[in-house]
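This report refers to the structure that appears directly beneath it.
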Amino acid sequence: MDIQKIRSEFPILERRLYNKPLIYLDNTATSQTPDSVVKAVVDGYTTTKANVHRGVHTLSQEATDLQESARRRVREWINAGSESEIIFTRGTTEALNLVASSFGGMMLREGDELILTVMEHHANIVPWQLLRDRIGFTIKVVPIDGRGVLDMDAYRGMFTERTRLVSFAHASNVLGTVNPVREMIAIAHSHGVPAVVDGAQAAPHMRIDVRDLDADFYAFSAHKMYGPTGVGVLYGKEKWLEKMPPYQGGGEMIESVSFEKTTYAELPYKFEAGTPDFIGISALSKAIDFIERLGIDNIAAHEHQLLDYTTRRMMDEIPGMRIFGQAPGKCAIISFLVGDIHHYDMGMLLDKLGIEVRTGHHCAQPLMHAIGVEGVVRASFAAYNTIEESDAFIAALKRVTAILQS
Ligand code: PLP
């Protein structure tokens with residue numbers, strides 16, 4: 001990959017902070033957006049803005065075509081069987097809330113069991129807890145080992161005749177661990193249990209094939225994969241979506257409405273109440289074009305090179321360095337602490353050197369508890385990061401560490 005050429009597509013990377021070049025290492029939280037995606041948003045507002053699905057007029061039809069061709073693009077990209085299985089949401093969080101509320105509400109009864117893992121983002125914990133508080137089922141949690149690898153024996157042993165659902169991250173946003181989701185899904189299915197996958201951290205870094213995984217549901221966010229904010233995708237198997245009740249009510253999701261009885265639209269519209277972010281949705285297809293132009297395998301190889309190089313230098317050159325997450329094949333996320341330096345202090349001083357990393361609990365407080373810390377500093381890489389940026393990051397870490405330890 002020609003990194004300099006790729007970087008030229010991201011104008012934000014030319015910014016300077018505190019008179020230093022911006023080094024953006026907070027890609028796990030959100031990635032930056034290439035010109036082609038920004039242009040699709042601008043074009044949407046300047047040439048084709050009209051509400052989708054409701055109009056006979058030309059603009060509305062053009063806007064609808066753009067949205068529906070994005071749905072086709074997403075379907076191909078994740079190898080779903082049909083466009084009916086692609087539901088546009090505001091993001092992974094809304095997708096998981098939809099599944100918990102609608103599918104969970106249909107599947108889980110008092111006394112039943114749901115399996116999650118300890119490395120889940122709050123988006124894959126709290127929606128289930130909201131439901132549990134209404135219904136009264138039990139949440140079981142798969143633990144991890146010291147490297148951040150899931151305890152698969154514990155997972156296998158958790159299934160009982162009361163297990164109705166499992167839900168887990170494809171990749172951890174803190175540890176970088178890539179879970180063996182195909183195997184986990186197969187185990188769940190061998191017990192007749194459907195599986196929900198939170199793919200927020202996998203979609204930007206690896207090829208997703210929902211049919212090969214045999215996932216029942218798969219959720220991800222556009223803004224983490226070079227796309228626009230406010231758009232996400234929920235893939236769901238048609239056989240489940242057909243049976244599930246709507247998540248929200250309103251326009252677009254109905255077939256007919258009277259005060260006596262309402263009937264619902266066909267899939268996927270049954271789950272898309274109200275005006276969607278149709279401009280963002282059409283820009284998502286440009287983000288997929290961007291990823292495919294680079295090649296997801298090339299992106300992953302580049303990110304892994306940065307991960308290995310940076311990890312090695314951090315461990316070798318910075319005394320007191322602790323990295324959380326050493327799973328083989330992890331994705332390019334480095335969560336760390338140095339000595340007893342507080343993560344906020346580290347993050348604030350790195351920012352003054354132009355380096356944007358994230359600090360805190362990363363919406364994974366149960367995981368923080370499990371690894372025995374209150375928060376960590378997290379650096380994460382994307383296609384446009386360079387070895388030179390990694391060198392600058394290491395130099396900055398040394399400087400900041402020396403200041404904070406003096
Ligand atoms: N799941 C994981 C693993 C994440 O990393 C995130 C965001 O960081 C989410 C879910 C929530 O994504 P969003 O805020 O885009 O809905």
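Some observations on this one:
- Here the range 163-204 and the range 244-269 have alpha carbon centers that stand 30 Å from each other.
- Carbon and sulfur %, accessible surface of the chain computed with the full protein complex present, 1.4 Å: 51 percent
- With distances taken between every two different alpha-carbon atoms, the range 303-406 has a Kirkwood hydrodynamic radius of 13.9 Å.
- Here the scattering of the chain is modelled by Debye summation over its C-alpha atoms, one equal scatterer each and no solvent; at q = 0.10 Å⁻¹ the log10 of I(q)/I(0) is -0.70.
- Exposure ranking of H121, H362, H369 by accessible area [1.4 Å probe, largest first]: H369, H121, H362
- Distance cut-off 13 Å, percentage of C-alpha pairs in the range 299-354 lying past it: 65 percent
- Alpha-carbon centroids, the range 358-377 and the range 1-71: separation in whole Å: 31 Å
- Spin-label model, I139 to E76: label points 7 Å out along the Cα-to-beta-carbon direction sit 3.9 nm apart.
- Computed from Cα positions, the angle between helix 126-135 and the longest principal axis of the chain comes to roughly 40 degrees.
- Exposed trypsin sites (Lys or Arg not before Pro) absent - longest run of the chain, DSSP non-H/G/I/E/B, at most 16 other C-beta within 10 Å: 262-406
- Considering only beta bridges that DSSP places wholly inside the chain, some 60 percent are antiparallel.
- Distance (nanometres) between label positions extended 7 Å along Cα→Cβ at L130 and T30: 2.1 nm
- Computed from the C-beta positions of H369 and D2, the FRET efficiency with R₀ = 60 Å rounds to 0.90.
- Computed extension gain for Y344 through K239, at 0.36 nm per residue and net of the alpha carbon distance, reaches 33.1 nm.
- Largest-first principal axis extents, alpha carbons of the range 1-130, Å: 57, 48, 27
- Difference of contour (0.36 nm per residue) and Cα-Cα distance, E260 to K398: 42.8 nm
- Calculated on alpha-carbon atoms, Rg and Dmax of the range 265-362 in Å: 19.6, 60
The values are calculated or read from the model by the stated rules, or taken from the named source; none is laboratory data. Note that the structure is a prediction, hence the values are computed from the model and not measured. Heads up, the Cβs are rebuilt from the backbone with ideal geometry, glycines too, and the neighbour counts pull from every protein chain shown. Remember, those area values only see protein heavy atoms, side chains included, never the ligands or the DNA or RNA. Shrake-Rupley method; radii C 1.70, N 1.55, O 1.52, S 1.80 Å.
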